[in-house]
Amino acid sequence: MTEMPRDVDAQRVHHALAVPSRRRLMSLLREADGLLGVDDMAAATGLSVATVRHHLTALAGAGLVTATASAGPGRGRPRLRYAATPTDPGEEAADTPFRELAQALAEAVGGGPGASREAGLGWGRRLAGSGPAAERVFAAAARMGFAPRDGAESDHGTRRVLLDACPYRELARSRPEVVCAVHQGVLDGLLESSGTTVRLLPFIGPDLCAADLRPT
């Protein structure tokens, strides 16, 4: 079987979770003790059965939910019941960075670049951890779906981290004042206590961004 390209899979997850009602359904499925039917989810969320089915189709297409056929009372076709796709207990859920970005974007909508940066700042603080500044950026960028690599280091001490294959690049091209501002906030939050400043350089190439790190 041919493996789905990583950036395609990432974009499907992001698009599936960009709708608030789908995030509500995912939360419901993760918190459930067992499988849930469409009627159960419609009653719990206040959505119509048709709307729940539509959202479940999108979530299933992104690999976030699985459906199991179970026989109902009497005759008729088996009814589908749903669960969140299980993950390896030792691994982070594959959709976590996309849920976090969706939450940050939801906080930023309508507030302009300043609000977007503030939304990203909180996310960056949660990701910060410890260690050298560049290591923090590499770890966070990979977790967010980028393919980070080393760039050139200038004579005045600025270190460049190249950020290949942004999984949000289509949205970032149309709404840089939101997406890129969130990412600048994430970087600022990551390095807030590191003694290093960081500047995001969006789209220095067709699918390439960069972060310039400089000691304060």
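List of remarks:
- Near the amide H of residue 196, within less than 5 Å, lie the amide hydrogens of 216, all on another chain or at least 5 residues away, with H placed in the peptide plane.
- Amide H contacts of residue 32 (H built 1.01 Å from N, under 5 Å, at least 5 apart or other chain): none
- Within the full protein context, the accessible area of residue 125 is estimated at about 120 Å² for a probe radius of 1.4 Å.
- Inter-part distance where the range 171-202 and the range 155-169 are each reduced to a Cα centre, Å: 11 Å
- Rounded accessible area of residue 39 (nearest 10 Å², 1.4 Å probe): 80 Å²
- Residue 201 sits with roughly 30 Å² accessible to a 1.4 Å probe, with DNA, RNA and ligands left out of the calculation.
- Semi-axis lengths, Å, the range 122-216, gyration tensor of Cα atoms, sqrt of 5 times eigenvalues: 20, 15, 12
- Legend: P(r) of the range 129-185 from all alpha carbon pair distances, 5 Å bins from 0, whole percents, reading 4, 17, 23, 25, 18, 10, 3.
- Computed with a 1.4 Å probe over protein heavy atoms only, the accessible surface of the range 134-216 comes to 46 Å² per residue.
- Only protein atoms count toward the accessible area here, which uses a 1.4 Å probe; on the range 135-216, the carbon and sulfur part of that area reaches 52 percent.
The values are calculated or read from the model by the stated rules, or taken from the named source; none is laboratory data. As the structure is a computational prediction, the values presented were derived from the model and not from experiment. Quick note on the areas: whole protein, heavy atoms, side chains included, nothing else; ligands and nucleic acids left out. Shrake-Rupley method; radii C 1.70, N 1.55, O 1.52, S 1.80 Å.
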